[in-house]
1. With helices defined as uninterrupted DSSP H runs, which ones in the chain have an alpha carbon span along their own long axis of at least 30 Å and mean Kyte-Doolittle hydropathy of at least 1.6?
2. Once both labels are modelled 7 Å past Cα along the beta-carbon direction, what's the Glu266-Glu33 spacing in nm?
3. Which order, highest average first, do 196-205, 172-181 follow once you tally other Cβ atoms within 10 Å for each residue and take the mean per peptide?
4. Would you compute, from DSSP H runs of 4+ residues alone, the mean residue ellipticity of the chain at 222 nm, taking -39500 (n - 2.57) per run and dividing by the full residue count, rounded to the nearest 500?
5. For region 218-272, what log10 I(q)/I(0) values come out of the Debye formula at q = 0.15, 0.25, 0.27, 0.29 1/Å, with one point per alpha carbon and no solvent?
6. What is the sum of charges, Lys and Arg at +1 and Asp and Glu at -1, for the other residues whose Cβ falls under 15 Å from the Cβ of Glu234?
7. What are the principal axis extents of the Cα atoms in region 47-167, in Å, biggest first?
8. Please report the relative contact order for the chain, taking Cα pairs under 8 Å with a sequence separation of at least 6, and give it as a percent rounded to a whole number.
Amino acid sequence: RAKENGRGGHAFFERYMFEQAEDHRLLEQDVREALGGDGLTLAYQPIVDARNGKIVGREALLRWRHPRRGDIPPDQFIPIIEDAGLIHQIGDWVIREACAEASRWDGRMRVAVNISAAQLTGAGLAKTVLGALAASRLEPSRLELEVTESVFLGDDAATLASLERLRSLGVRLVLDDFGKGYSSFGYLSRAHFSKIKIDQAFVRGAADGAQDCVAIVHAILALSRGLGVETTAEGVETEGQAEIMRQLGCTQLQGFHFGRPVPASELFENSAAAALRRA
Ligand code: C2E
Ligand code: MG
Ligand code: MG
Ligand code: MG
């Protein structure tokens with residue numbers, strides 16, 4: 001009987017693997033179709049100055065509304081895009097679109113774009129960035145490129161050269177999700193980052209009074225001050241979380257407490273509505 005169960009389990013597992021692969025293949029087809037139409041869009045989330053709550057920039061976040069399945073989160077569809085070999089094409093579109101959008105904003109506001117490790121391989125990225133800046137006439141220093149430490153897990157020399165090439169264009173490099181995974185302070189000296197984003201797990205933990213989280217955030221902030229690097233606390237959902245990050249000395253805050261990611265069309269609707277309410 002045990003043997004039968006074992007076989008049954010095995011068949012079940014195979015079936016499961018088959019369905020996963022099948023699902024992946026179907027989604028891959030769907031994402032190719034979305035590329036041509038308006039299935040893929042960008043949402044923008046505000047990043048505010050910790051001292052006064054003023055918006056200093058916005059992060060562009062990729063959205064995919066599947067015709068039948070509804071919204072699929074980027075953590076799920078970006079690996080599919082990468083496997084399909086579409087990350088360069090889609091990533092380039094994200095950069096051009098975000099730069100064009102940001103060129104319509106207040107002249108000091110920055111736009112942040114996420115770059116995955118796969119995009120850093122090859123020489124095409126710097127060319128895309130240069131083209132996007134030229135077409136939008138966005139000042140290079142208003143574009144931030146966010147990478148996670150995962151970019152350092154592959155070919156180190158090539159990655160560093162790629163990051164340095166980007167930085168030489170005048171754009172700002174940001175280390176995203178710091179504290180999550182294998183984050184090491186060593187990564188901070190690898191490339192010249194302008195900003196560190198503290199992972200939301202630490203923001204939550206510190207606000208919940210977890211002393212280890214407080215100590216780690218404290219250390220990250222001390223280090224970034226020493227390096228002359230800005231810091232953004234991610235995933236700030238409550239005033240309590242905002243307050244503790246402010247007290248610890250974080251320079252910028254981002255999270256649902258200050259604004260959710262919204263389509264570009266709603267950015268101006270909101271400000272117009274706000275202006276009307278103030279009037
Ligand atoms: P990320 O770059 O760390 O982006 C922040 C994520 O946290 C976003 O999730 C955002 O919606 C979410 N978030 C912001 N504030 C809060 C909050 O207060 N509470 C909570 N619970 N979450 C909050 P999202 O949009 O699902 O994106 C997930 C990840 O997908 C991003 O993490 C980024 O790594 C990746 N991603 C998104 N857009 C792109 C893109 O255009 N290209 C690449 N390569 N990756 C992208
Ligand atoms: Mg990011
Ligand atoms: Mg992040
Ligand atoms: Mg993330």
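Please treat every number below as a calculation from the coordinates, not as lab data. The model shown is predicted, which means the values in this text are computed figures rather than measured ones. With ideal geometry, Cβ positions are generated from the backbone for all residues, glycine too; neighbour counts draw on all protein chains shown.
1. Taking the DSSP H segments of the chain (at least 30 Å long, mean hydropathy at least 1.6), we get none.
2. Simple spin-label model gives 2.6 nm for this pair.
3. Numbers: 196-205: 22.7, 172-181: 20.9.
Order by mean packing, descending: 196-205, 172-181.
4. It lands at -16500 deg cm²/dmol.
5. For region 218-272 at q = 0.15, 0.25, 0.27, 0.29 Å⁻¹, log10 I(q)/I(0) is -0.52, -0.92, -0.99, -1.07.
6. Values: positive: Arg58, Lys180, Lys195, Lys197, Arg204, Arg246, Arg260; negative: Glu59, Asp75, Glu144, Glu146, Glu149, Asp176, Asp177, Asp199, Glu230, Glu237.
Every neighbour counted, the sum reads -3.
7. 41, 40, 30
8. Numbers: 406 pairs, mean separation 48.1, N = 279.
Dividing the mean separation by the residue count of the chain yields 17 percent.
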